[in-house]
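Taking it in order: structure first as structure tokens, then the write-up.
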Amino acid sequence: MSDQRIASGLKGVRGALSLDRAQTRELYSLYVNPGLSRILAALGFDRNFVRAKGVFVYDEEGAEYLDFLGGYGSLPLGHNPPEVLEAIEMVKERPTFLQATTSPLQAALAHDLALIAPGDLRHSFFCNSGAESVEAALKLARASTGRQGFVHCSGAFHGKTFGALSVSGREKYKRPFAPLLPGAREIPFGDLDALETELRKGDCAAFIVEPVQGEAGVIIPPAGFLKGARDLTRRYGALLILDEVQTGLGRTGLMFACQHEDVVPDVMCLAKALGGGVMPVGAVITTEEVWDRAYGGLSKALLHTSTFGGGSRACAAALATIQEIVGRDLPRRAAEMGAYFLQGLKRLKEKYPLIRDVRGKGLLIGIEFESSAGSLGDILSFGMLSKATEEYLASLVAGKLLNEYRVITAYTLNNPNVMRLEPPLTIEKSQVDYVLKALDEILEMHRGFFSLARSALKGYKR
Ligand code: PLP
């Protein structure tokens, strides 16, 4: 193709913004991910959202939706928070990427993170995603301890890069990429005896764990688990890495989830909320001692770097986000709103056998649905029914919420039987009430998998 024809065929930003739903579906299928495109289309999720503000998003027909998925936890202040957009505007004439110097924005962000972080966490490394922050933490642990092994938990989700995947828990996501990082060993989440057995071997650089498991289906560990893990890692010379990518910055009702148990890790991973819903920002923060052993001195200062990490716009977004979360005491708001939400969900659980459990901390909440395992229908279908309910029930409810009530939700990545509710921390009581009422009506009308499936599949053909 000639240069001229290519130039006239390019969509550019204007072309992208003018695509409607059908055109987007076609191009997404052709050029991005056909399988995902089909899944999203089947549930009616492939809408063209053209505007977003706070907890609301709007489709091309002007319909308003409540976003209770919250960018998988990356929208602490909702969509397009003006304070974060203003902060980015304030740095628009600064160089965004200029690695040959020290950046005042990076320096200030590291300072502010150290100020809000628990204990003596001080040195930050900046990157662009949760998985990258986990990679940085794993490398830091090896370089600092001189050991190679890692212990992680069943059900854990730490991201999908090789290192992060190696310490994650769902075989479906791991199998096609084997062999993964050698030396990664799994223990049941919450099992201190199993942790001690692994740590006693003496080759472990770190134990990596989420203080509340998000993608496993919002699982809260038994009381004392984190404290016990802190003691054991210290006793056996391994580092404790807390992955607060999803739980950090107010989500669970305190600034960091480890503060519920007064535990200070050696290394903490952050991302998601740190970018204020506008920029991709990740960070790993550690103590002076761990940093010095890994990267102290001139010869080790460049062992781990990133071209884009710590760019001016990203840092500005993170600085403003932290200021908003602290200034508006959003962790407290998450605690109050989360408790209110959970109370309402527990009432629904009492009413509807289709709900097996509801649980959460702050505004990280999961609804687990019944799986039908062992029911007559399941036996007659040779286990197909329980397999279907486990894979699709939460999605079907999410589909009904979207198509009939204009509420956006999704399931958790390592447990599709659990619907996640992770709205912005700025959510209002009336919005929680609306979602509770919607769930109540859906479950009142559809008391079983087949009724939901029939109705959801009819509903998406909009
Ligand atoms: N760690 C935790 C606890 C997460 O929940 C996630 C993503 O959901 C990640 C790491 C990976 O983050 P990212 O998708 O930004 O790579």
Worksheet entry | Top positive-direction residue, dipole computed over segment 45-144 with Cβ charges, set 87, 56, 98 | 98
Worksheet item: Going down the list 174/227; 174/361; 174/201; 172/349; 349/437, which pairs span over 20 Å between their C-alpha atoms?
Response: 174/227; 174/361; 174/201; 172/349
Worksheet item: Which three lengths, in whole Å and largest first, does segment 82-327 cover when its Cα atoms are put on their principal axes?
Response: 54, 41, 38
Worksheet item: How do 330-336, 170-176 rank on mean C-beta neighbours within 10 Å, highest first?
Response: 330-336, 170-176
Item to complete: Note down the Stokes-Einstein diffusion coefficient of segment 178-220 in µm²/s, whole number, using a Kirkwood radius over alpha carbon pairs, 25 °C, and 0.890 mPa s.
Response: 206
Item to complete: Any lysines with Cα under 29 Å of the residue 92 Cα? List them, leaving off those in the same chain fewer than 8 positions away.
Response: 11, 53, 272
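When 406, 47 are ordered from fewest to most other Cβ atoms inside 10 Å of their Cβ, what list results? If you can, show how the numbers build up before the last one.
On the way: 406 19, 47 22.
The most exposed by this proxy come first: 406, 47.
Which order do peptides 272-279, 252-259 fall in by mean Cβ count within 10 Å, highest first? Please list the in-between numbers first.
Values: 272-279: 26.0, 252-259: 23.2.
Final packing ranking: 272-279, 252-259.
Place a +1 charge on the Cβ of each Lys and Arg in segment 82-327 and a -1 charge on the Cβ of each Asp and Glu, then give the dipole magnitude about the Cα centre in debye, rounded to the nearest 20. If you can, show how the numbers build up before the last one.
Numbers: 23 positive and 27 negative charges, 151 e Å.
So the dipole magnitude of segment 82-327 works out to roughly 720 debye.
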Worksheet entry | Per-residue ³J(HN,Hα) for segment 255-270, Karplus 6.51 cos²θ - 1.76 cosθ + 1.60, θ = phi - 60°, Hz, x for Gly and Pro | 4, 10, 5, 5, 6, 5, 10, 6, 10, 10, x, 7, 9, 10, 9, 10
Worksheet, complete the sentence: For segment 82-327, the charge dipole (Cβ of Lys, Arg +1; Cβ of Asp, Glu -1; about the Cα centre) points to a positive end, and the Cα of 108, 311, 248 closest to that extreme belongs to 311
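What is the magnitude of the charge dipole of segment 109-225 about its Cα centre, with +1 placed on the Cβ of each Lys and Arg, -1 on the Cβ of each Asp and Glu, and no other charges, expressed in debye to the nearest 20?
Working: 12 positive and 13 negative charges, 83 e Å.
Computed charge dipole of segment 109-225: roughly 400 debye.
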Worksheet item: Projected onto the charge dipole of the chain (+1 at Lys/Arg Cβ, -1 at Asp/Glu Cβ, origin at the Cα centre), which of 431, 330, 161 gives the Cα projection farthest towards the positive end?
Response: 161
Practice prompt. Taking every pair of alpha-carbon atoms in the chain, give the share separated by more than 27 Å as a whole percent.
Written response: 57
Worksheet item: Rounded if a/c is under 1.5, else prolate if a/b beats b/c, else oblate: with a ≥ b ≥ c from the C-alpha gyration tensor eigenvalues square-rooted, which is segment 33-80?
Response: oblate
Worksheet item: What relative contact order, as a whole-number percentage, does the chain give when Cα pairs under 8 Å and 6 or more residues apart are counted?
Response: 20
Discussion item. So for each of 292-303, 355-366 I average, over its residues, the number of other beta carbons within 10 Å; can you give me the resulting order with the highest mean first?
Written reply: 355-366, 292-303
Discussion item. Please list, ordered by chain and number, the residues whose modelled amide H lies under 5 Å from the amide H of residue 410; skip anything fewer than 5 residues away on the same chain.
Written reply: 420
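Return a whole-number percent for the relative contact order of segment 1-156, with Cα pairs under 8 Å and 6 or more residues apart as the contact set. The partial results should precede the final answer.
Values: 76 pairs, mean separation 13.9, N = 156.
Result for segment 1-156 is 9 percent.
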Worksheet entry | the chain - mean residue ellipticity at 222 nm from DSSP helices (-39,500 (n - 2.57) per run, n ≥ 4, rounded to 500) | -13500 deg cm²/dmol
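None of the figures in this text is laboratory data; all of them are computed from the coordinates on show. This structure is a prediction, so every number in the text was calculated from the model and none was measured. Ideal geometry is used to build each Cβ from the backbone, glycine not excepted, and the neighbour counts take in all protein chains shown.
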